[in-house]
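The values are calculated or read from the model by the stated rules, or taken from the named source; none is laboratory data. Since the model is a prediction, treat every value here as computed from it, not as a measurement. So basically every Cβ, Gly included, is an ideal-geometry build from the backbone, and we count neighbours across all protein chains shown.
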Amino acid sequence: MSTSSHSNTTTAPETSEPASKLLFNGADWDFDTLKNTYDAIEDIALNELKLDVYANQVEVITSEQMLDAYSSIGMPLMYHHWSFGKRFVRDDVMYRKGYQGLAYEIVINSNPCISYVMEENTIVMQALVMAHAAFGHNHFFKNNYLFKQWTDADGILDYLQFAKRYIAKCEDRYGFDAVERVLDAAHALMEQGVNRYSHPEKPNLAVELERERERAKYEDETYNDLWRTLPQTDTDDQDIDEIQRKMRIEERRAQFGLPEENLLYFLEKNAPAMQLWEREILRIVRNIGQYFYPQKQTKVMNEGCACYVHYSIMNSLYDKGLVSEGAMMEFIDSHSRVVFQAEFDDQRYSGFNPYALGFAMMQDIHRMCVDPTDEDRKWFPDIAGNNEPVETLKDAWANYRDESFILQFLSPKVMRDMRMFMIDDQSASPHLEVAAIHDDNGYRRVRRSLARMHDVSVREPDMQIVDVDIRGNRQLYVQHTEHEGIRLEKAEAEMTLGYIGQLWGYGVTLQAIDYKTGEILHETNYTPDDLSAA
């Protein structure tokens, strides 16, 4: 366990329980107390819950360091960008004025797994955080299939060090403004710079260094059979019949591997005027975006797993007599704040709290395994009464993501407890319709609807590069598939289109199409300033 700051214990024991058995008394702590508490938590996590975790590295940091970690998207190493400083200033002002609190912890999906805890925390909070992050999140990171397939915990820290060094070198060589221009565009497209369906190659430091050396050997005019020639106009295009035209389009799309969902990948590989170092920056940003992609799909499960683990460990510590009743009261208060679900008419309501929903489902699965009802046996015959709650949960943590987990395990009891029902809201209708209530059909519809809300393919825009006019003006065509009439926000769409055009270097057309008919609903065009002036 490594640390960066310290505090001293000064308070007297708060109970008459044997001091030799309690891990700590009062709120303050020192490093010996922290180490002893960690060891007790580790014993329960590994020997009772049988969790499988990476080696742990716990870092004690100040509130300012926590804000700094916020600003750099929670990573211990990161390149410089103005957006990180902007986020730091905003969060710092909000925190100092009391408008927002700070997270109890930040945990990094790496090997070793790095957990940041704040020095201002009491020892009870430190115990909760270590159980939550160093063992709950850690186990989920190491065992969930999405993280195993899409991320490299062993290599991410080395890759971030490479990225930071490379971008700093580019700033020295090409100028801060030039690098910032590329980073601004790449960050704006990061959400559309991931492979959602095919598994990308995981970044490897040795491979990246070799790639950097190879790219440095060539000039921007490296042979490319497509872009080395001047664009030519085919005077016979008007005479080509429809079948030949379609064949030419298909050949062109096959040449580029279109349609392509990963916008940053396409631009990195095919933008005609982009410098080699700019391509490498796009690769860095899309690799970082890919690293976070599994976390976006497992928010409910990841937090539910961590909450279940910290709840089980803290109760086990109490049952063993290692923490006092006063400590448990503080723990219950903090835990309740984490899993609090605001009512729909509460100003704090912003949808389902993933901590609340995840923890409720984990506890419900535990209950069904050890004390099922007839309803549970009907809905979940495979797990009801199996008396293996932890093994059942570990199997779910390993093999599901939020969408499939909710679709498989959300029970009528949880739906009743959280008072879920389904509203059908059609923009063309002046009225709302209650489409599902608490009956068998209603439970199934509510479950499907909630699962769909956690499907990233529905939640995020479906954007794909579908064509490029290589024989004419090099116009790039991007399509957004509209589902259920939901359009892109106009100002953001135009700004993002400008970033695509900036990286591409030529005109870009954004087409909105209907997902049922394929009909083009409307178009937005971007023309670079130098082309429009010409």
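Yes/no per residue for (1) under 14 Å from GLU403 (Cβ atoms); (2) touching a strand residue (DSSP E or B) at 6+ places or on another chain (Cβ under 7 Å); (3) not assigned by TED's automatic domain parsing to the domain that holds ILE520:
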residue: ILE437; (1), (2), (3): no, no, yes
residue: GLY442; (1), (2), (3): no, yes, yes
residue: SER449; (1), (2), (3): yes, yes, yes
residue: ILE465; (1), (2), (3): no, yes, no
residue: VAL468; (1), (2), (3): no, yes, no
residue: GLY472; (1), (2), (3): no, no, no
residue: GLN475; (1), (2), (3): no, yes, no
residue: VAL478; (1), (2), (3): no, yes, no
* To do: Output the residue which, of all residues in the range 20-48 that are polar (S, T, N, Q) and not in a loop (DSSP other than H, G, I, E, B), is surrounded by the most Cβ atoms within 10 Å (Cβ to Cβ).
  => THR37
* Structure fact -> With the first residue restricted to the range 152-168 and required to be touching a residue at least 12 places away in the same chain (Cβ under 8 Å) and under 10 Å from SER110 (Cβ atoms), and the second required to be among the hydroxyl-bearing types (Ser, Thr, Tyr) and surrounded by 21 or more Cβ atoms within 10 Å (Cβ to Cβ), Cβ contacts under 7 Å at 6 or more apart or on different chains are ALA153/SER110; ILE156/SER110; ILE156/TYR291; LEU157/SER110
* Could you name every one of the strands (runs of 3 or more DSSP E) located completely within the range 404-523 that has at least 2 residues being under 30 Å from ILE383 (Cα atoms)? => 433-436
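Matching residues to (1) charged (D, E, K, R); (2) at pLDDT 85 or above; (3) surrounded by 17 or more Cβ atoms within 10 Å (Cβ to Cβ):
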position: ASP440; (1), (2), (3): yes, yes, no
position: LEU450; (1), (2), (3): no, yes, yes
position: SER457; (1), (2), (3): no, no, no
position: MET463; (1), (2), (3): no, yes, yes
position: GLY472; (1), (2), (3): no, no, no
position: GLU484; (1), (2), (3): yes, no, no
position: LEU503; (1), (2), (3): no, yes, yes
position: LEU521; (1), (2), (3): no, yes, no
* Is the range 330-353 home to any residue that is without any contact (Cβ under 8 Å) to a residue 40 or more places away in the chain, of a type in the set (Gly, Ala, Ser) and touching a Lys or Arg at 6+ places or on another chain (Cβ under 6 Å)? -> yes
* **Index of the failed condition, GLN297 passing every other in (1) at pLDDT 65 or above; (2) within 27 Å of GLY501 (Cα to Cα)** => (2)
* Yes or no: SER336 of a type in the set (S, T, N, Q) and either over 25 Å from ASP39 (Cα atoms) or exposed (fewer than 13 other Cβ atoms within 10 Å of the Cβ) (or both)? -> yes
* When only residues in the range 172-192 that are over 23 Å from THR496 (Cα atoms) and touching a Phe, Trp or Tyr at 6+ places or on another chain (Cβ under 9 Å) count, which is surrounded by the fewest Cβ atoms within 10 Å (Cβ to Cβ)? -> ARG173
* Across the range 90-113, which residue is modelled with the lowest pLDDT among those that are among the hydroxyl-bearing types (Ser, Thr, Tyr) and assigned to a loop (DSSP other than H, G, I, E, B)? -> TYR99
* **Residues of the range 376-420 satisfying the condition of being over 15 Å from GLN363 (Cα atoms), of a type in the set (Asp, Glu) and buried (at least 17 other Cβ atoms within 10 Å of the Cβ)** => ASP402, GLU403
